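These notes are about the structure you will find just below.
The values are calculated or read from the model by the stated rules, or taken from the named source; none is laboratory data. Keep in mind the model is a prediction, meaning the values are calculated, not measured. Positions of Cβ are generated from backbone atoms using ideal geometry, with glycine treated the same way; all protein chains shown enter the neighbour counts. Surface accessibility is based on the protein's heavy atoms, side chains included, excluding ligands, DNA and RNA. Shrake-Rupley method; radii C 1.70, N 1.55, O 1.52, S 1.80 Å.
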Amino acid sequence: LMLIGQAPGPVTDRKGYHFAGPAGNFLEKWLTQAGFPDNYFREHVYLSSLTRCFPGKSPSGNGDRAPSRAEMALCRRFLDRELELLQPPLVLLVGKLAIDAFLPKAPLTATVGQVFERDGRLLLPLPHASGVSRWLNDTENRALLDHALAELSRLRRELQL
């Protein structure tokens, strides 16, 4: 199982491992909800991102700056090589930027909860897990996340993860 996020955040940058901040806590809870055992997220999921470096704070001061297209393009060969070496049967795409990097651009409501097949692997889009996203405040969107986690549970059993 591989998980691809947007970019390392400031806590990840400081601690030196992916999803070291609040997003990691949410992802751990989501995997537990999907039936994975405790600590599976940290012990068995290969964590990566579209970029290798923390892009910095947003100029507005609210949150982190999203990586630019140029930054993502610069790092893409590393991500492609990871996918080539690992050959994961299932990739979790976390957040809009990660989803858009692998699937045609569409609203989150059209992708979260759906399973896609590309290049011999399954892709499961999930919303951003930072905890500051207001997308999950909408009950219909929360239902999409619950459906995505049910799909993840099904795939966990089917792929024997």
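Odds and ends about this structure:
Every residue, every condition in (1) under 14 Å from the mean Cα position of the chain (by Cα); (2) in a helix (DSSP H, G or I); (3) in contact (Cβ under 8 Å) with a residue 12 or more places away in the chain, yes or no:
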site	(1), (2), (3)
Ile4	yes, no, yes
Pro8	yes, no, yes
Val11	no, yes, no
Arg14	no, yes, no
His18	yes, no, yes
Ala23	yes, yes, yes
Glu28	yes, yes, yes
Pro37	no, no, no
Phe41	yes, yes, yes
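- Residue ID - least open to solvent (accessible area, probe 1.4 Å), chosen from residues in the stretch 133-161 that are modelled with pLDDT of 95 or more and among the acidic types (Asp, Glu): Glu151
- Options Leu79, Leu90, Leu85; residue that is open to solvent by less than 40 Å² (accessible area, probe 1.4 Å), farther than 15 Å from Leu50 by Cα and either touching a strand residue (DSSP E or B) at 6+ places or on another chain (Cβ under 6 Å) or not basic (Lys, Arg) (or both): Leu90
- Meets criteria (out of contact with any strand residue (DSSP E or B) (no Cβ under 8 Å at 6 or more places or on another chain) and not hydroxyl-bearing (Ser, Thr, Tyr)) for Ala129: no
- Filter result (within 14 Å of the chain's Cα centre (by Cα), over 16 Å from Ala23 (Cβ atoms) and small (Gly, Ala, Ser)) within the stretch 112-147: Gly113
- Cβ-Cβ contacts under 7 Å between residues 6 or more apart (or on different chains), taken from a first residue in the stretch 142-161 that is within 17 Å of Phe26 (Cα to Cα) to a second residue that is open to solvent by 60 Å² or more (accessible area, probe 1.4 Å), are listed as Leu144/Thr109; Leu149/Gln33.
- Any hit, the stretch 43-62, residues being at pLDDT 95 or above, open to solvent by 70 Å² or more (accessible area, probe 1.4 Å) and under 18 Å from Gln6 (Cβ atoms): yes
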